[in-house]
Every structure is written in structure tokens, then in C-alpha cells.
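Step one of this worksheet: look at the structure below.
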Amino acid sequence: MANEEIKEQENAEAEAETTQAQTENQETSQTETEGAAAQDETAAEEKTSETDEVTALKNKVEQLEKENADLKDQVLRRAADFENYRKRMIQEKQEAFDFANTNLLKDLLDSLDNFDRTVEAAATATDPKSIADGVSMISKSMVSMLENKYNLVSYGAVGDAFDPNIHEAIGMQEGDVPEEQLAAVYLKGYKLKDRIIRHAKVMVIKPKA
């Protein structure tokens with residue numbers, strides 16, 4: 001009987017060890033399964049995160065490409081606008097140059113018309129003085145218009161002091177004068193406001209040596 005009890009006790013211990021081993025194996029298997037599941041979940045989360053980053057980068061690239069296209073379009077439009085502006089300025093400048101004297105020419109037309117009428121009258125005139133008076137009147141009218149509207153002033157008269165800055169001496173002689181002065185004026189000089197546009201051509205008389 002003692003041997004049977006010992007044998008039964010050994011069998012019970014063996015079964016207990018087997019059960020414990022099975023339990024440990026199950027726990028290990030469960031732990032490994034849980035670890036694998038956790039790894040799979042982590043891998044899935046990393047993959048999702050990478051996908052989200054790629055999508056975000058693609059969206060950013062698309063946005064930057066759109067902004068770049070918009071900026072390029074703006075630059076091209078501004079370049080075209082500037083080119084049109086430049087051409088328009090050149091055209092306006094050329095037109096201003098071509099027609100700068102329009103008002104002056106219009107004012108001269110009246111004098112030209114008067115000259116035409118004087119020439120027609122001279123063909124049948126019997127009094128030369130009337131023709132000369134008509135020409136003199138036209139000349140005075142033209143000079144007055146040029147002075148008053150365009151600030152064109154003539155200068156140079158016999159007896160004026162000689163000034164080489166505004167007079168061009170084409171001859172010189174000595175005489176009883178205290179300083180150099182104009183003895184004769186061959187062509188009047190003209191000033192447009194304060195600028196000389198034609199020097200007076202004169203004969204100069206200077207003091208005797």
C-alpha cells in the first residue's frame with residue numbers, strides 16, 4: 001500500500017508539473033501573441049503615419065507649384081504691361097516731338113495769309129509805298145506775336161556796347177568812342193527767354209589806340 005501511495009503521489013506531482021508547464025506555455029504563447037499583435041499595431045501606426053506624411057508632402061508640393069504658377073503668371077503680366085507702357089511712352093514722346101511747333105505754326109498762318117494778300121495786291125498796285133507799308137505792318141504784327149506769346153526777343157542796335165557773348169563781330173574799325181560798341185548791325189540776334197538762339201552779326205567800332 002505504501003508503494004501505491006508513493007506512486008500515486010508521483011503521478012499527481014507529474015500531472016501538476018505537466019499542467020504547470022502547459023500553463024506556462026500558454027502564458028508564453030499568449031505573451032508572444034500579444035507582443036506580435038502590438039508589433040503589428042505599431043507597424044500599422046507607423047505605416048499610417050508615413051502615409052499621412054507623404055500625403056501632406058504631396059499636398060504641400062501641389063500648393064507650392066500652384067503658387068509658383070501664379071507668381072510666374074503675375075511676372076509675365078507685369079512684364080507685358082511694362083512693355084506696353086514703354087511703347088506708349090515712346091510713341092507719345094515722338095508725337096510730342098513731331099507736333100511740338102503746332103501752335104507756333106498756326107499763329108504764323110495769319111502772317112502767311114497776309115503776305116499772300118500783299119503779293120496779290122502788289123501785282124496791280126500803282127503806289128509802291130502802300131506795298132511797303134503793308135509789308136511793314138505784317139512784320140510788326142509777327143514780331144509782336146512772337147514776343148508776347150513765345151518770348152522771342154530780338155536784340156542788337158547801333159550804339160549798343162559790344163558783348164562777345166551775344167554778338168558775333170564780322171569786322172572791326174577804330175573810332176572816337178570810349179569803349180567798343182556796335183557800328184552796324186547786319187543781322188539781329190534773337191533770344192528765346194534767356195537763351196541765345198542766334199547771335200547778332202555786327203560791325204564793331206573800338207577806341208583808337
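If you consider only alpha-carbon coordinates, what radius of gyration and Dmax does the range 69-206 have, in Å?
Looking at the range 69-206, its Cα Rg and Dmax stand at 25.6, 88 Å.
In whole Å, what is the distance between the alpha-carbon centres of the range 50-73 and the range 134-171?
77 Å
Rounded to whole Hz and in sequence order, give me ³J(HN,Hα) for the range 110-119 from the Karplus expression 6.51 cos²θ - 1.76 cosθ + 1.60, θ = phi - 60°, writing x for Gly and Pro.
Result, ordered by residue: 4, 5, 5, 4, 5, 5, 4, 5, 5, 5 Hz.
Using the per-residue mean of other Cβ atoms lying within 10 Å as a proxy for protection, in what order, highest first, do the peptides 98-105, 189-196 fall? Can you show the working numbers first?
On the way: 98-105: 10.1, 189-196: 12.8.
The densest-packed peptide leads the list: 189-196, 98-105.
Quick check on the range 145-209: of the DSSP beta bridges with both residues there, what percent are antiparallel, nearest 5%?
Working: 13 of 21 bridges.
The answer is about 60 percent antiparallel.
Would you kindly give the portion of the calculated P(r) for the range 145-200 that falls above 12 Å, as a percent of all Cα pairs?
Values: 1013 of 1540 pairs.
Within the range 145-200, distances greater than 12 Å cover 66 percent of Cα pairs.
Quick check on my link table: of 149/206; 72/93; 93/191; 93/193, which ones sit more than 29 Å apart, alpha carbon to alpha carbon? The partial results should precede the final answer.
Details: 149/206 37 Å; 72/93 31 Å; 93/191 26 Å; 93/193 24 Å.
The answer is 149/206; 72/93.
We did not get these values from a lab; they are worked out from the coordinates using the rules stated. Here the structure is a predicted model, which is why all the values come from computation and not from measurement. Glycine gets a Cβ as well: all are built from the backbone with ideal geometry, and neighbour counts include every protein chain shown.
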